[in-house]
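To start, the structure itself, in structure tokens.
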Amino acid sequence: MKRLGILLSGRGSNFEAIADQVASGSLKAAIAVVISNRSEARGLAVARERGLKAVSIPSKGLDREVYDRLVIEELNRSAVDLVCLAGFMRLLSASFVRAFPQRVLNIHPSLLPAFPGLDAQKQALEHGVKITGCTVHFVDEYLDAGPIILQAAVPLKDGDTVESLSARILQEEHRIYSEAIRMVLSDSFRIEGRRVMVEPQHR
Ligand code: GAR
């Protein structure tokens, strides 16, 4: 069974969606550890309630390299095969990315490369786009930038607020994150340049 390490900073609804898929058996993996840089993160409490290993590693006052080293050590202690960022609001160092080559995924609430960074839904609304969505991608050392695995489109409605739009995007996030994890764990993809391609037998 492949082992997942989840990194989160807050609410943890993407983590919960992954945990539900694992619990129902539709995602054949185990959640080895949930790590947060914020000890008060709701996602960490939810992980504990579910009986999962939940570890708080506060980042305050630590250099990026030092902090990332602590997280790498915990992920290795937990024998993690794939790292899933689920609302983890920190940029990872190049040495973190090198420690898990093609083994770190992130979910972002826009159709990248549009609207990277914070408040992606607000950025989309203010820009006036008619379609936004969400993206699961491999993580490199740049912000919201690595090769794209899956995307889902979400049309905007005239009356949308940041909250209503975020809620519709979140539904799609919960759906595509597990799908992308399934694909990566089954090794049924190859990467050419920036393009992630699914092997024909798995389409
Ligand atoms: C999600 O919308 C996720 O896409 C976003 O934070 C939220 C976390 O929600 N991530 C980013 O913006 C990363 N740049 P959750 O804690 O309920 O999963």
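Key figures
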{"quantity": "Nearby lysines by direct alpha-carbon distance to Lys122 (threshold 23 angstrom, same-chain neighbours under 8 apart not counted)", "calculated": "Lys130, Lys157"}
{"quantity": "Charge dipole of the chain about the Cα centre (unit charges at C-beta), most positive-ward option of Val139, Phe189, His174", "calculated": "Phe189"}
{"quantity": "Three-way shape call for the chain based on the alpha-carbon gyration tensor, with the a/c threshold at 1.5", "calculated": "rounded"}
{"quantity": "Å² per residue, accessible surface of the stretch 38-119 at 1.4 Å", "calculated": "51"}
{"quantity": "For the chain, calculated [θ]222 nm from helices alone, where every DSSP H run of n ≥ 4 adds -39500 (n - 2.57)", "calculated": "-11000 deg cm²/dmol"}
{"quantity": "Computed label-point distance, nm, for sites Val162 and Ser95 using a 7 Å Cα→Cβ extension", "calculated": "3.5"}
{"quantity": "Rounded percent of accessible protein surface that carbon and sulfur make up, the chain, 1.4 Å probe", "calculated": "52"}
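The values are calculated or read from the model by the stated rules, or taken from the named source; none is laboratory data. Everything quoted here is computed from the prediction, not taken from an experiment. Note that each Cβ is placed from the backbone with ideal geometry, even for glycine, and that neighbours are counted across all protein chains shown. Just so you know, the surface numbers come from the protein's heavy atoms only, side chains and all, with ligands and any DNA or RNA stripped out. Shrake-Rupley method; radii C 1.70, N 1.55, O 1.52, S 1.80 Å.
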